[in-house]
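What follows is calculated from the coordinates using simple rules that are stated; it is not laboratory data. It should be emphasised that the depicted structure is a prediction, and the values quoted were computed from it without experimental measurement. Note: ideal-geometry Cβ built from the backbone for every residue, glycine included; neighbour counts use all protein chains shown.
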Amino acid sequence: MSKRKIIKIDEDKCDGCGLCIPNCPEGAMQIIDGKARLISDLFCDGLGACLGHCPVGAITVTEREAEPYNEAKVMENIIKGGPNVIKAHLEHLKDHGEDKLYKEAITILEHKNIPAPAVCGCPGAAMQDFSDRESSAGDLSGSRPSQLKQWPVQLHLVSPTAPYFQGKDVVLAADCVAYSLGDFHKNYLKGKSLAIACPKLDEEQDIYVEKIAAMIDEAKINTLTVMIMEVPCCGGLLQIAKQGAAKAQRRIPLKTIVVGLQGEIQKESWEG
């Protein structure tokens, strides 16, 4: 065995809802004794497709000693599920650039005389080209000053008790938000403090929960606005924020803003 990335399920948080099961393309999880459990290290590739589908944030990606992922064993399990399950698994491999494993899976299907379904990809990783879109109306002349009033901004790097969080309104934004939203600085960041994170790619996300709780209790922030993209995996950031807020002793207003891939605001609501 060697150290590698693999999912971790917090049994204390897991309520056995089962939403993670169909969102694991390898079939690595089952509900056992009312809890989601990893049935074998061999089945988990550690890419975290299930992240963002757990409503209570019980699933994270960790690094530990584990048996190597085994594509042949996974395919034995996948093939039993039929064409739709096979397609979901192949799309998962393609989305994450796992070309070697994808080719191995195709070879296994060929040896078993099973046709390989065409793959498309999930909305979070599928390539989309917006270059032909007409620019929206608005004055693009001149320059606008940055509304960023602090450094650092990445949630792993910020101190939750830093002066720039004390008594402030805070924006917790997914990494992609500011690139999609043309007026992010003018309309959403101005007058606020910032933390950014990626619920799919960042490691050790338990630390994020603790930091948010500390911002609320120790820095006594006023409000927390969570800005995420419309793709499914981005919902994990909202769950992290909710866990941090639930762990804190103080109660503050928590707002959610969902941003479309082309920069439109799809949803804006206060939680609870």
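Data overview
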{"quantity": "Cα→Cβ-extended label distance, 7 Å offset, between Thr161 and Glu76, nm", "calculated": "5.3 nm"}
{"quantity": "Over 28 Å (Cα to Cα) - which of Lys35/Lys80; Lys190/Lys267; Lys73/Lys242; Lys94/Lys255 fall in this group", "calculated": "Lys73/Lys242; Lys94/Lys255"}
{"quantity": "Cα-projected label distance for Lys220 with Gln262, points at 7 Å along beta-carbon direction, nm", "calculated": "4.6 nm"}
{"quantity": "Mean Cα-pair separation over length for the chain, i.e. relative contact order, pairs under 8 Å, 6 or more apart, %", "calculated": "16 percent"}
{"quantity": "Of all DSSP beta bridges in segment 163-270, antiparallel share, percent nearest 5", "calculated": "25 percent"}
{"quantity": "Net charge, Cys54 excluded, C-beta distance under 11 Å - Lys, Arg +1, Asp, Glu -1", "calculated": "-1"}
{"quantity": "Contour excess over end-to-end distance, with Cα ends at Gln30 and Cys198 and 0.36 nm allotted per residue", "calculated": "57.9 nm"}
{"quantity": "Percent RCO, i.e. relative contact order, over segment 1-67, from Cα pairs under 8 Å lying at least 6 residues apart", "calculated": "50 percent"}
{"quantity": "Global geometry of the chain, whether rounded, prolate or oblate, following the gyration tensor of its Cα atoms and the 1.5 cut on a/c", "calculated": "oblate"}
{"quantity": "The chain - charge dipole about Cα centre, Lys and Arg +1 at Cβ, Asp and Glu -1, debye rounded to 20", "calculated": "720 debye"}
